[in-house]
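Data first, discussion second: the structure below is written as structure tokens.
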Amino acid sequence: MQNIQNYINGNFHNPINNEWIDNYNPSNGAVYGQIPNSSKEDVEQAYQSAKSAFKQWSHTSFEERSRILIKISELLEANLQRFAEAESKDNGKPISLAKSVDIPRAASNFRFFGNAITQFASESHESVGQDAINFTLRQPIGVVGCISPWNLPLYLFTWKIAPAIAAGNCVVAKPSEVTPLTAYLLGEICNEAGLPKGVLNIVQGLGTTTGQAIVEHPDIKAISFTGGTATGAHIARTAAPMFKKLSLELGGKNPNIIFADCDYDKMLETTVRSSFANQGQICLCGSRIFVEESIYKKFKADFVQKVKQLKVGHPSDESTDIGALVSKTHLEKVELYVKIAEDEGAKILCGGLEVTVNGYENGYYFQPTIIEVQDNVCRINQEEVFGPVVTIMSFKTDKEALVLANDVKYGLSATVWTSNLNRTMQFSQKLQTGIVWVNTWMMRDLRTPFGGTKASGVGREGGFDALRFFTEPKNVCIKYE
Ligand code: NDP
């Protein structure tokens with residue numbers, strides 16, 4: 001059994017109420033450990049620890065903060081295999097993906113913000129004619145809350161924590177209750193890197209109790225949250241009367257728009273990845289595929305053929321393309337959406353069923369699924385499935401493609417495949433999303449603003465945007481003679 005504890009003030013603790021939650025291994029459906037079912041009291045203990053650490057940490061030089069963050073990054077890299085195995089076991093994702101994406105990116109998050117903080121400058125404005133100069137102090141907020149989801153567990157957890165502590169804040173953080181393991185292991189790494197006690201506190205537990213207690217805490221002044229849109233709305237309602245600063249990265253239903261003039265082979269290969277990477281459980285996956293009519297038939301045949309070749313298998317098998325879904329509940333949700341699509345009259349071109357992997361019969365495996373739809377108003381095209389399910393439909397004109405792409409409540413990302421520069425610019429300007437990829441997908445430069453519009457969120461993470469979120473700007477105006 002792999003039991004884990006809370007990480008508070010640099011030490012590992014059982015929950016005060018001594019209540020525990022089972023942790024499941026998605027690859028075989030078995031309980032393999034327990035995690036704290038933390039209460040308000042644990043969150044309070046974490047808050048007090050963070051508060052005590054803040055005085056010193058907020059005055060620690062940028063060089064020293066940077067040195068520690070980069071050390072954490074190096075230690076994550078040195079422990080790549082161990083962390084990747086833990087992530088794969090906890091989440092069900094292929095070990096190859098955890099090794100090549102999740103853990104390296106978590107390490108990059110610490111390295112990037114360790115460097116970024118040394119370059120973070122504030123503005124000054126000389127008020128010519130008034131003999132005054134203004135400058136902006138950017139001060140850490142104090143104790144902040146970071147809450148992350150299960151799909152890219154350590155990757156998204158550290159994407160929040162690294163800028164928060166780089167900017168001089170102390171953190172009370174909660175990973176998803178279904179993927180708690182790598183966050184727990186991170187505590188050990190932080191101690192080894194010499195992160196002062198209390199700068200980072202990790203409280204494990206349920207969203208509705210532990211997470212809610214973080215959001216409700218009157219002295220945790222900012223919340224950085226990534227998760228579902230409904231949870232984001234609930235958090236916004238809870239936090240609003242306390243005027244907390246909020247960064248909300250929420251759901252997506254992203255269009256992948258394919259024109260006949262694109263580099264076809266590159267598009268096809270990337271579209272398989274943008275549809276099914278991480279079992280389709282990435283907020284950026286292109287789940288609505290719109291294809292120009294002249295190549296629709298060919299694309300449909302080629303895409304189905306390629307997707308049928310994907311290997312659904314045990315996450316620890318290096319040759320697995322599609323691992324297990326994260327939980328039984330999630331598997332049931334995905335199945336339900338396929339049924340909804342069928343009931344709506346859509347056509348399942350491939351997949352649509354659970355998979356039994358030999359030796360792991362109780363695991364949560366599902367076939368990569370392509371559904372052909374006739375319109376964009378059906379539920380399967382409007383609601384986030386967040387699994388290995390994509391839809392395809394054809395379009396005739398640029399105008400029609402743009403209407404289809406924007407006709408959804410979400411606005412996280414979009415991908416456009418074309419070699420036409422004018423079209424590239426038209427779509428870049430008119431797509432109602434926070435991110436547009438042209439002829440690529442999920443290519444990330446950590447300096448760029450990351451986030452969504454509409455129901456996909458509020459605020460931007462990444463680069464200096466994240467450091468701005470985690471600091472409070474104060475204008476100082478000095479009059480001189
Ligand atoms: P949830 O919204 O269910 O949960 C996200 C986190 O919030 C978890 O840690 C959860 O804990 C916690 N939580 C749940 N309820 C509350 C509450 N009342 N107060 C405080 N915290 C709470 O999302 P999922 O974990 O299911 O993640 C999938 C969603 O995340 C998808 O919609 C996906 O699109 C979105 N996402 C968005 C990204 C973006 O950058 N825009 C990136 C990745 C995912 P617990 O797990 O214990 O319930």
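A short reminder: the numbers here are calculations on the coordinates, not readings from a lab. Quick caveat: nothing in here was measured; it's all calculated off a predicted structure. Quick reminder, even Gly has a Cβ in these numbers, built from the backbone with ideal geometry, and neighbours come from all protein chains shown.
May I ask you to list the residues of region 72-106 whose amide nitrogen lies under 19 Å from a point 7 Å from Cα along the Cα→beta-carbon direction of residue 1?
Residues 90 qualify, since their backbone N sits under 19 Å from the label point.
Using a simple spin-label model with points 7 Å from Cα along the Cα→Cβ vector, what separation in nm is obtained for residue 430 and residue 219?
Result: 5.3 nm between the two label points.
For the chain, take the longest principal axis of its alpha carbons; what is the angle in degrees between that and the long axis of helix 40-57, to the nearest 10 within 0 to 90?
The angle comes out at about 60 degrees.
Given the C-alpha centroids of region 123-202 and region 297-369, what is the distance between them in whole angstrom?
Going from one Cα centre to the other spans 37 Å.
Points 7 angstrom from Cα along the Cβ direction at residue 133 and residue 374: gap in nanometres?
7.0 nm
Quick one: if you stick a label point 7 Å off each Cα along the C-beta vector at residue 197 and residue 11, how many nm between them?
The answer from the label model is 0.7 nm.
List the residues, sorted by chain then number, that are 5 or more residues from residue 362 or on another chain and whose placed amide H is less than 5 Å from its amide H.
HN-HN under 5 Å from residue 362: empty list.
Region 411-478: percent of C-alpha pairs farther apart than 15 Å?
Working: 1400 of 2278 pairs.
Cα-Cα pairs of region 411-478 separated by over 15 Å account for 61 percent.
Using the Karplus curve 6.51 cos²θ - 1.76 cosθ + 1.60 with θ = phi - 60°, what ³J(HN,Hα) values do you get for each residue of region 395-406, in whole Hz, with x for Gly and Pro?
Along region 395-406, the couplings run 9, 9, 10, 4, 4, 4, 4, 5, 4, 4, 4, 7 Hz.
Given H placed on each backbone N at 1.01 Å, which residues far from residue 355 in sequence or on other chains put an amide H within less than 5 Å of it?
For residue 355, the qualifying residues are 365, 366, 367.
According to the square roots a ≥ b ≥ c of the eigenvalues of the Cα gyration tensor, what is the shape class of region 133-263, taking rounded for a/c under 1.5, prolate for a/b larger than b/c otherwise, and oblate for the remainder? Spell out each step's value before the answer.
On the way: a/c = 1.42, a/b = 1.31, b/c = 1.08.
Cα axes put region 133-263 in the rounded bin.
Per residue of region 194-203, what does 6.51 cos²θ - 1.76 cosθ + 1.60 with θ = phi - 60° give for ³J(HN,Hα)? Whole Hz please, x for Gly and Pro, Karplus curve as stated.
x, 5, x, 4, x, 5, 10, 10, 10, 10
Can you pull out the GluC sites (Glu not before Pro) in region 308-382 whose DSSP state is coil and whose Cβ has at most 13 other Cβ atoms within 10 Å?
Here the GluC sites (Glu not before Pro) that fit, given the DSSP loop and packing criteria, are 318.
Could you sort the peptides 399-410, 418-429, 381-392 by per-residue average Cβ neighbour count (10 Å cutoff), highest mean leading?
On the way: 399-410: 18.2, 418-429: 14.3, 381-392: 23.2.
Going by the mean number of other Cβ atoms within 10 Å, highest first, we get 381-392, 399-410, 418-429.
What is the calculated FRET efficiency for residue 476 to residue 237, with r their C-beta to C-beta distance and R₀ = 30 Å, to the nearest 0.05? Don't skip to the answer; put the middle values down first.
Numbers: r = 35 Å, r/R0 = 1.15.
E between residue 476 and residue 237, to the nearest 0.05, is 0.30.
In degrees from 0 to 90, rounded to the nearest 10, what is the angle of the helix 229-239 Cα long axis to the longest principal axis of the chain?
It works out to around 20 degrees.
List the lysines whose alpha-carbon lies under 27 Å from that of residue 454, not counting same-chain residues fewer than 8 positions away?
160, 174, 221, 244, 245, 253, 333, 396, 399, 409, 430
Take the Cα of residue 52, step 7 Å along the line toward its Cβ, and report every residue of region 170-184 whose backbone nitrogen sits under 19 Å from that point.
Flagged as within label range: 170-173.
Gain in length, residue 100 to residue 407, computed as 0.36 nm per residue apart minus the alpha-carbon separation, to one decimal in nm? List each step's numbers first, then the result.
On the way: separation 307, 0.36 × 307 = 110.52 nm, distance 3.44 nm.
Additional length available on full extension: 107.1 nm.
Quote the convex hull volume per residue of region 39-111, based on C-alpha atoms, as a whole number of Å³.
On the way: hull volume 7.5 nm³, N = 73.
Spread over its residues, the Cα hull of region 39-111 gives 103 Å³ apiece.
Can you work out the Karplus-derived ³J(HN,Hα) for every residue in region 356-368? Use 6.51 cos²θ - 1.76 cosθ + 1.60 with θ = phi - 60°, whole Hz, and x for glycine or proline.
Calculated HN-Hα couplings, in order: 9, 9, 3, x, 10, 4, 9, x, 9, 9, 9, 5, x Hz.
Between residue 22 and residue 396, take the C-beta separation as r, use R0 = 56 Å, and let me know the FRET efficiency to the nearest 0.05.
Numbers: r = 52 Å, r/R0 = 0.93.
Computed FRET efficiency for residue 22 and residue 396: 0.60.
Are there any GluC sites (Glu not before Pro) in region 111-203 that are in a DSSP loop and have at most 15 other Cβ atoms within 10 Å? List them by number. Walk me through the numbers on the way to the answer.
Details: sites: 123, 126, 177, 188, 192; in loops: 123, 177.
Here the sparse-neighbourhood loop sites are 123.
Computed over the Cα atoms of the chain, what is the ratio Rg over Rh, Rh following Kirkwood? Kindly include the intermediate steps, with their values, before the conclusion.
Values: Rg = 23.0 Å, Rh = 23.3 Å.
Using Cα coordinates only, the ratio equals 0.99.
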